[in-house]
Amino acid sequence: FQAKPGASAGVVARMKEFQPIFEKHGGPVCRIYTDQLSGHTDRVVWEFEIENLTALENLFWAASQNADYVKAYEEWYQSLTPLIEGATVELWNREM
């Protein structure tokens, strides 16, 4: 996420609030990173490992079928959007 200037701590707090909900609905344990004043600042990275892209798609599809998850996600995202300017999604293959 690209947080608004000075808002990265708020983004991290929202992500920590959402993590138990994500895990409850099958999401893996995640790591959260903040930048160290290199390149663009006020960046927050949400990283997790999953077996493959199919498993990720299945996870998100199953979660989207659960009304409790959808409600929690929508509420969380509404609280997050005032703090961010945008987001970049990158999917990586681990080679080693």
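Just so you know, all these numbers are worked out from the coordinates, no wet-lab data involved. No experiment lies behind these values; they were computed from the predicted model shown. Every residue, glycine among them, receives a Cβ derived from its backbone with ideal geometry; neighbour counts consider all protein chains shown.
Quick check: convex hull of the Cα atoms in the range 1-71, volume per residue, rounded to a whole Å³?
Hull volume normalised by residue count: 101 Å³.
Sorted by packing (mean other beta-carbon atoms within 10 Å per residue), highest first, where do 25-34, 49-58 land?
Peptide ranking by packing, descending: 25-34, 49-58.
For the range 1-63, what does the relative contact order come out to in percent, with C-alpha contacts under 8 Å and a separation of six or more? Intermediate results must be reported in sequence, preceding the final value.
Working: 60 pairs, mean separation 23.1, N = 63.
Worked out over the range 1-63, it gives 37 percent.
So what is the 222 nm mean residue ellipticity for the chain from helices alone, if each DSSP H run of at least 4 adds -39500 (n - 2.57) and you divide by all residues, rounding to the nearest 500 deg cm²/dmol?
Computed ellipticity for the chain at 222 nm equals -14500 deg cm²/dmol.
For the range 40-96, report the % of Cα-Cα distances exceeding 14 Å.
69
Which cross-chain or sequence-distant (5 or more) residues have an amide H under 5 Å from the amide H of Lys4, H modelled 1.01 Å from N in plane?
Ile84, Glu85
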